[in-house]
There are 2 protein chains.
Amino acid sequence: MEISELGEFGLIERLAKEISVKNATTVRGIGDDCAVLAPTEGMQTVVTTDLLMEGIHFDLTYVPLRHLGYKAVMVNLSDVFAMNAEPRQVTVSLALSSKFKVEDVEELYAGMRLACEKWGVDIVGGDTTASLTGLAISITALGEARADDIVLRSGAKPTDLICVSGNLGAAYMGLQLLEREKLIYDEQVAEARKSGSKEQMELLKDAQPDFSGKEYILERQLKPEARGDIVATLRKAGIRPTSMMDISDGLSSELMHICKQSQTGCRIYEERLPLDYQTAAMAEELNLNVSTCALNGGEDYELLFTVPLAQNDTVSALEDICVIGYITEPDKGCALITRDGGEHSLKAQGWNPLKA
Amino acid sequence: MEISELGEFGLIERLAKEISVKNATTVRGIGDDCAVLAPTEGMQTVVTTDLLMEGIHFDLTYVPLRHLGYKAVMVNLSDVFAMNAEPRQVTVSLALSSKFKVEDVEELYAGMRLACEKWGVDIVGGDTTASLTGLAISITALGEARADDIVLRSGAKPTDLICVSGNLGAAYMGLQLLEREKLIYDEQVAEARKSGSKEQMELLKDAQPDFSGKEYILERQLKPEARGDIVATLRKAGIRPTSMMDISDGLSSELMHICKQSQTGCRIYEERLPLDYQTAAMAEELNLNVSTCALNGGEDYELLFTVPLAQNDTVSALEDICVIGYITEPDKGCALITRDGGEHSLKAQGWNPLKA
């Protein structure tokens, strides 16, 4: 169905039907000039926002809309968890070019609803409008935490241990794989066109690349998970990180933010970087250095945090968390110790959309 | 300066230098995964968001970036005031194509800062990223109000008076004027090109249309003001509207939202529609029906609200507020009474970006 058949208000009405409000702090969701929220007494509110643009942040030739919706919400929830807070609400704004149908928007919303349901988050409002070219998605997430619980980037102290959750570089490897398959497919189509073979063209229409054995890195790219489970694990273990942020642009870049804002240096160890087998295998296949991918790949949405040295035993015993190094005095700089014992300055070579 | 010289973080750092946090409810602004806010005890939070796309919502050939920034913030504050709430914070996301320079973004931010300063609002965060084509601006505004003070669209009751602030149709007339001058200019350039006259081309470069006597309608289009003053006036007069919303898509469209959500009908009177002299003169010049412009023009950012009939004397005595009709039982429908006494069904013919 064409979106123009419904218009803005018809489309919103249709989408809103599928959205129910469940969070105790949501007083009123979609349908007025503003949503109305009732903050929990004694809690502070955290707010984060992301703007995703087609052609910059995602490629619809290989990203299903449902996954895109899921990811667009998750990356915002990830920022809320990175404050040691609980997500409560999101607003969703979309700008749609004429190539999108009502069913496309419903797919996108289905993914967003799924991500919200996973963490008890309400979609409370937004804006739905037109775009001359492509799709723009702007999501704002709100969360809550007690003032004492909120963890900033600026609290790391020398001797603190540097920890990361999960493993690194997998989402980046997933992206490389998708980009490679897209290139191969485009070449095959070009060849078939050149040869004029209709049969070949028909075959290509339904062609699906063989991704077996690579499911994990694809899922990390297409359907990342915000690590609210890690926040809960730390709380249960009685650990309050001294600093924390989520890894969206790459470990190096994020760690340098923490060091800059905490006015410290750091030393991390290459051999300690947590890697999945599929990440390493794909890096090998593509002739890439897997450590470089783990350091700068981006889109991991894992948590990077620091804990006092005294909590070494406690944190080391936790599942899915690795200690990768420690915080130093600022004059030591930010260093990576390689497997051969060499020391290299960390560089923020990760994702930077506005860099040449 | 090229934005790529600074990159995302350099640009944010540069912009953030000009931004200071003043609102008592802002604990931490730009610089972490989330902003941190401390809601006032006993108050509820309101949230609204808008996504503005180049070529759909604004035309940079005649909209100065500083005005665009001002307007982008104001239209969100307008939604906060429409809840009878006080704005506190905004987040600002920008997607920029390569045609934009650092100085352009600074101009845009200067306008946004000005709008924020006017209402004591803090810019607490956002996202700055790249775009393949054009500019996208996504703003989210947060505000506060006591639960009892919040006014929804759904509270209008039969016999309530329908009121609007300021006057209507002026912003739409300003847009028509700008569009006409753009057309004329484009034709002149095409002609000069055709004739090959370099002299003529040079003259056109610095050509400025004569807008004298039309300043007001231009300002209404380019630099709208959110009517926080009206909210204050009503509070001072002891009037709590039964329903309220801001007029962004046109009076007819908004009034029909109020009637739908309040399950009522309405009668408004053409002769009561508040018009500025410049609006009427421009409509005359363009051979447009001025009432149609006032009903459907959009972008007025005036407040539309209803008050109990018993407050007729109080509300009628207030400056810059007009009573234009009253709320009826739902079976009466939404009607406009024309100057000649005729009755016509209201139609939502206003701005609807997704309508064919």
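The values are calculated or read from the model by the stated rules, or taken from the named source; none is laboratory data. The shown structure was predicted, so the numbers you read here are calculated from the model rather than taken from an experiment. Neighbour counts run over all protein chains shown; Cβ positions are idealised from the backbone, glycine included.
When restricted to residues that are among the hydroxyl-bearing types (Ser, Thr, Tyr), within 14 Å of chain B (Cβ to nearest Cβ) and within 18 Å of the chain's Cα centre (by Cα), the range A:191-247 contains 0. Restricting to the range B:95-137, and then to whatever is closer than 25 Å to B:Gly42 by Cβ and in a loop (DSSP other than H, G, I, E, B), can you tell me which residue is farthest from the other protein chains (Cβ to nearest Cβ)? Among residues in the range B:95-137 that are closer than 25 Å to B:Gly42 by Cβ and in a loop (DSSP other than H, G, I, E, B), the one farthest from the other protein chains (Cβ to nearest Cβ) is B:Gly120.
In the range B:257-304, the residue that is surrounded by the fewest Cβ atoms within 10 Å (Cβ to Cβ) out of those that are charged (D, E, K, R) and over 22 Å from B:Pro353 (Cα atoms) is B:Glu271.
Please return the ranges of strands (runs of 3 or more DSSP E) entirely within the range B:1-94 where 1 or more residues are facing chain A (nearest Cβ under 10 Å) and within 24 Å of the chain's Cα centre (by Cα).
Ranges flagged: B:43-53.
Of all residues in the range B:245-264, those that are on the phi > 0 side of the Ramachandran plot have Cβ atoms under 9 Å from Cβ atoms of residues that are surrounded by 24 or more Cβ atoms within 10 Å (Cβ to Cβ) and not in a loop (DSSP other than H, G, I, E, B), 6 or more apart or on another chain, in B:Gly250/B:Tyr172; B:Gly250/B:Ala294; B:Gly250/B:Leu295.
For (1) among the β-branched types (Val, Ile, Thr); (2) out of contact with any Phe, Trp or Tyr (no Cβ under 7 Å at 6 or more places or on another chain); (3) modelled with pLDDT of 95 or more; (4) surrounded by 24 or more Cβ atoms within 10 Å (Cβ to Cβ), each residue gets a yes or a no:
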residue: A:Glu117; (1), (2), (3), (4): no, yes, yes, no
residue: A:Arg153; (1), (2), (3), (4): no, yes, yes, no
residue: A:Ala156; (1), (2), (3), (4): no, yes, yes, yes
residue: A:Lys205; (1), (2), (3), (4): no, yes, no, no
residue: A:Pro209; (1), (2), (3), (4): no, yes, no, no
residue: A:Leu222; (1), (2), (3), (4): no, yes, yes, no
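For the range B:186-206, the criterion of being touching a residue at least 60 places away in the same chain (Cβ under 8 Å) and part of a helix (DSSP H, G or I) is met by none of the residues. Within the range A:151-161, is even one residue more than 28 Å from A:Met74 (Cβ to Cβ), of a type outside the set (D, E, K, R) and either within 14 Å of chain B (Cβ to nearest Cβ) or in contact (Cβ under 8 Å) with a residue 60 or more places away in the chain (or both)? Yes, because at least one residue in the range A:151-161 is more than 28 Å from A:Met74 (Cβ to Cβ), of a type outside the set (D, E, K, R) and either within 14 Å of chain B (Cβ to nearest Cβ) or in contact (Cβ under 8 Å) with a residue 60 or more places away in the chain (or both).
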